[in-house]
Amino acid sequence: MNKKRIKAPKRVLYLSSPIGLGHARRDLAIARELRTHFPDMQVDWLAQDPVTRFLMANNERVHPDSVRLANESAHIEAESGEHDLNAFMAIRNMDEILVKNFMVFQEAVEQQDYDLVIADEAWDVDHFWHEHPELKRTQVAWFTDFVGWVPIPENGAREAFLTTDYNAEMIGHVENNPDIRDRAIFVGNPDDIIPHSFGKDLPQMRDWVPQHYDFSGYIIGQHPDEFGSRAELRHKFGYQDGEKICIVTVGGSGVGSNLIRRILAAYPAAKSKIPELRMIVVTGPRLDPAMFNFPTGVEARAFVPNLDHHLAACDLALVQGGLTTSMELVAAGTPFLYFPLKNHFEQNFHVAQRLDRYNAGRKMIYDDCDPDNIAQAMVEELSNSKTFKPVESDGAERAAKMLVDLF
């Protein structure tokens with residue numbers, strides 16, 4: 001008598017970038033879609049704070065080796081100035097952290113039998129497996145929402161040389177070892193690729209990227225269409241009829257403290273012009289609300305797990321310029337001001353390109369904004385009736401389907 005063979009559940013090791021909570025929200029959406037194909041799939045998340053807090057709040061399993069990871073968010077904060085972060089140089093100066101975290105990862109995949117590693121901008125894994133292909137232990141799916149380091153023009157020839165060198169190395173890795181990435185997925189569409197070259201004597205990004213990536217469309221944690229009506233959300237959160245709700249959020253790191261202070265200084269002038277204004281400041285998990293002096297009428301919250309729901313319910317948002325929060329606002333049709341970090345190539349080039357394409361957001365230059373400028377921009381955006389381009393709702397589903405045949 002033949003016994004029915006019982007298939008073992010699929011096992012996934014998921015690496016979610018700690019630089020901003022947006023990665024965690026989209027990664028959770030992908031994992032949930034994968035579970036519709038493999039209901040018994042086991043996912044271990046190798047992640048850092050504040051991503052781990054978010055995952056545990058959503059009843060996900062955090063790999064026990066996560067506590068051994070060196071904290072990337074703390075490094076990023078140490079590299080930052082007043083609303084200033086040279087993101088390229090910060091990552092370039094992170095070698096010791098990346099080496100340590102790669103070793104933790106490598107031990108995890110060698111000690112346990114995983115069917116797939118999903119690496120959302122896990123630069124260490126991508127780099128070292130390309131450098132040492134013999135270390136690869138299982139299939140890997142690589143996710144990113146930008147391709148290409150971009151120099152800040154004001155930073156001169158040295159930075160242009162270095163970004164070109166890094167891009168050339170990446171191109172060489174991919175072209176010389178095409179079997180390392182079993183799937184490479186760009187979180188977006190071809191039009192989201194910026195119209196730049198990778199550097200002197202290197203290809204154009206819009207020519208090279210489509211040859212080496214599949215496109216999932218944008219992946220949003222949960223599309224606002226699923227939240228219920230705006231009126232229902234406002235009632236749920238206790239927002240009163242007639243109130244103008246403004247939410248301030250600056251991401252999961254501590255880099256945004258100076259922006260919060262400047263916005264708080266703008267609040268009295270904005271309130272004088274918009275008496276019905278109610279401001280809620282989400283400081284994030286790495287900033288203590290006690291650091292700030294909140295004017296009367298401003299509420300502070302350290303961490304809001306369902307922040308995307310609040311962004312869909314509010315009338316205006318003021319944000320730093322990270323991709324995920326900005327795109328959640330685009331999907332919800334919520335007006336917003338965004339303040340890209342000075343010297344942050346991704347926020348100033350890659351993100352700004354997308355937001356322009358969606359006709360969304362108002363870009364603010366921090367160095368040019370005093371409290372009166374910010375207050376005036378808030379008033380103007382609250383009366384702005386422009387329509388954003390719709391954001392697709394099936395990005396996570398499409399991404400999951402791209403991964404199914406890897407099992």
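Can you name the residue in the stretch 110-149 that is among the aliphatic types (A, V, I, L, M) and part of a loop (DSSP other than H, G, I, E, B) and, of all such residues, is surrounded by the fewest Cβ atoms within 10 Å (Cβ to Cβ)? Show your work before the answer.
Pass one, the stretch 110-149, residues among the aliphatic types (A, V, I, L, M): 116-119, 122, 125, 135, 140-141, 147.
Retained after the next criterion (residues that are part of a loop (DSSP other than H, G, I, E, B)): 122, 147.
Values: A122: 25, V147: 21.
Checked the stretch 110-149; the qualifying residue surrounded by the fewest Cβ atoms within 10 Å (Cβ to Cβ) is V147.
Pairs please, first residue from the stretch 373-384 and in contact (Cβ under 8 Å) with a residue 24 or more places away in the chain, second anywhere and part of a helix (DSSP H, G or I) and small (G, A, S), Cβ atoms under 7 Å, 6+ apart in sequence or on different chains.
I374/A266; A375/A266; A375/A269; A375/A270; M378/A270; V379/A270
Inside the stretch 389-405, can you point out the residues that are more than 15 Å from D225 (Cα to Cα) and modelled with pLDDT of 95 or more?
E397, R398, A399, A400, K401, M402, L403, V404
Could you grab me the full set of residues in the stretch 264-278 that are touching a residue at least 12 places away in the same chain (Cβ under 8 Å) and not in a helix (DSSP H, G or I)?
Within the stretch 264-278, I274, E276, L277, R278 meet the criteria.
How many of the residues making up the stretch 150-172 are under 13 Å from W123 (Cα atoms) and either touching a residue at least 40 places away in the same chain (Cβ under 8 Å) or not in a helix (DSSP H, G or I) (or both)?
Looking only at that region, the number is 1.
Looking at the stretch 181-217 only, could you name the residues that are hydrophobic (A, V, I, L, M, F, W, C) and assigned to a loop (DSSP other than H, G, I, E, B)?
Step one: of the stretch 181-217, the residues hydrophobic (A, V, I, L, M, F, W, C) are 184-187, 193-194, 198, 202, 205, 208-209, 215.
Within the stretch 181-217, V187, I193, I194, F198, L202 qualify.
Could you pull out the residue among D182, D225 that is modelled with pLDDT of 95 or more and not polar (S, T, N, Q)?
Details: D225 fails: modelled with pLDDT of 95 or more.
Residue meeting the stated conditions: D182.
Right, R261: assigned to a helix (DSSP H, G or I) and either surrounded by 17 or more Cβ atoms within 10 Å (Cβ to Cβ) or of a type in the set (A, V, I, L, M) (or both) or not?
Against the criterion (assigned to a helix (DSSP H, G or I) and either surrounded by 17 or more Cβ atoms within 10 Å (Cβ to Cβ) or of a type in the set (A, V, I, L, M) (or both)), R261 does not qualify.
So which of G199, G251 is on the phi > 0 side of the Ramachandran plot, in contact with a Ser or Thr (Cβ under 8 Å, 6 or more places away or on another chain) and in the same structural domain as R181 (by TED's automatic domain parsing)?
On the way: G251 fails: in the same structural domain as R181 (by TED's automatic domain parsing).
Every option except G199 fails the conditions.
Hey, among R362, R354, which residue is touching a residue at least 60 places away in the same chain (Cβ under 8 Å) and touching an Asp or Glu at 6+ places or on another chain (Cβ under 7 Å)? First the steps, then the outcome.
Values: R362 fails: touching a residue at least 60 places away in the same chain (Cβ under 8 Å).
The conditions single out R354.
Could you tell me whether the stretch 102-109 includes any residue that is touching a residue at least 40 places away in the same chain (Cβ under 8 Å) and part of a loop (DSSP other than H, G, I, E, B)? Please lay out each step first, then the result.
As a first pass, look at the stretch 102-109 and keep what is touching a residue at least 40 places away in the same chain (Cβ under 8 Å): 104-105, 107-109.
If we keep only those that are part of a loop (DSSP other than H, G, I, E, B) as well, we get none.
No, that holds for no residue.
Only one residue in I245, I220 is more than 30 Å from W142 (Cα to Cα), aliphatic (A, V, I, L, M) and not in a helix (DSSP H, G or I), so which one is that?
On inspection, the qualifying residue turns out to be I245.
Tell me, which residue of the stretch 61-93 that is within 17 Å of the chain's Cα centre (by Cα), aliphatic (A, V, I, L, M) and assigned to a helix (DSSP H, G or I) is nearest to D367 (Cα to Cα)?
The residue in question is A87.
The values are calculated or read from the model by the stated rules, or taken from the named source; none is laboratory data. Nothing here was measured: the structure is a model prediction, and the numbers come from that model. No Cβ is skipped: glycine too gets one built from the backbone with ideal geometry, and neighbour counts run over all protein chains shown.
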